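K.L.:
Below is a structure I'd like to ask you about.
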Amino acid sequence: MAAREMHHYTECGLDYAWLKNGFRVERTSYGPKVVVEHASELDRAIAEVVLRRKRHLAFSEVDFLRGLLGLSRAELAVRLGTDAAEVAHWESIDDPVRPDADAALRGLVLDHLGRPAVLPDPESRQQEIELVATRSDGRWTIAIR
């Protein structure tokens, strides 16, 4: 039997996330559809890795984290002390988020996840990464490549 291919998990909005397992492809009248097991748990696990990285959040990460929080741009802007236009700018252009807003967004997400402050992972300094998620024993684990 051939090895199963990994799924490029672009549904989360991050171009560097891959699934080793924990998904299935269903056929629909519109074509194939990927169903991810416990996708909200997976997104929470990915968020923890994103938050540990020692660099400013990228535009796709801001959008991903805002989605995880379930906030509109305007709602996030109020919580970060800015306006919706600036949040839209952070999500569409790869300019660094202001350091104070970066820290505040990380804090909001950590609070949402019920996690204490996370120290950045010293291995995370590299700019380009790939996350490979594996589901086993009823939970998602994330490896960085």
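The numbers here are math on the coordinates, done by the rules we state, and not lab data. Just so you know, these numbers come straight off a predicted model, no measurement behind them. Neighbour counts run over all protein chains shown; Cβ positions are idealised from the backbone, glycine included.
K.L.:
What do you get for trypsin sites (Lys or Arg not before Pro) in the stretch 1-96 restricted to DSSP loop and a cutoff of at most 15 other Cβ within 10 Å of the site's Cβ?
P.N.:
Within the stretch 1-96, the qualifying trypsin sites (Lys or Arg not before Pro) (loop, at most 15 other Cβ atoms within 10 Å) are 4, 54, 55.
K.L.:
List the residues whose amide H sits under 5 Å from the amide H of residue 129, counting only those 5 or more places along or on another chain, with H placed 1.01 Å from N in the peptide plane.
P.N.:
So residue 129 has HN proximity to no qualifying residue.
K.L.:
Starting from a Cα-only point model with no solvent, please compute log10 I(q)/I(0) by Debye for the stretch 7-144 at q = 0.12, 0.19 1/Å.
P.N.:
Reported log10 I(q)/I(0), two decimals: -0.50, -1.15.
K.L.:
Any idea which of 105, 17, 85 is furthest toward the positive side of the dipole for the chain, if Lys and Arg beta-carbons carry +1 and Asp and Glu beta-carbons -1?
P.N.:
Farthest along the dipole direction, towards plus: 17.
K.L.:
Work out how much length residue 88 to residue 26 would gain on full extension: take 0.36 nm times their residue separation and subtract the Cα-Cα distance, in nm to one decimal.
P.N.:
Contour length minus Cα-Cα distance gives 18.9 nm.
K.L.:
Residue by residue through the stretch 67-82, which ³J(HN,Hα) values in whole Hz follow from phi under the Karplus form 6.51 cos²θ - 1.76 cosθ + 1.60 (θ = phi - 60°), with glycine and proline marked x?
P.N.:
Along the stretch 67-82, the couplings run x, 4, 6, x, 10, 6, 4, 5, 5, 5, 4, 4, 5, 9, x, 9 Hz.
K.L.:
Right, something else. Under the definition of Cα pairs under 8 Å and six or more residues apart, what whole-number percent is the relative contact order of the stretch 7-144?
P.N.:
31
K.L.:
Residue by residue through the stretch 37-45, which ³J(HN,Hα) values in whole Hz follow from phi under the Karplus form 6.51 cos²θ - 1.76 cosθ + 1.60 (θ = phi - 60°), with glycine and proline marked x?
P.N.:
Each residue of the stretch 37-45 in turn: 5, 6, 4, 5, 5, 4, 4, 5, 5 Hz.
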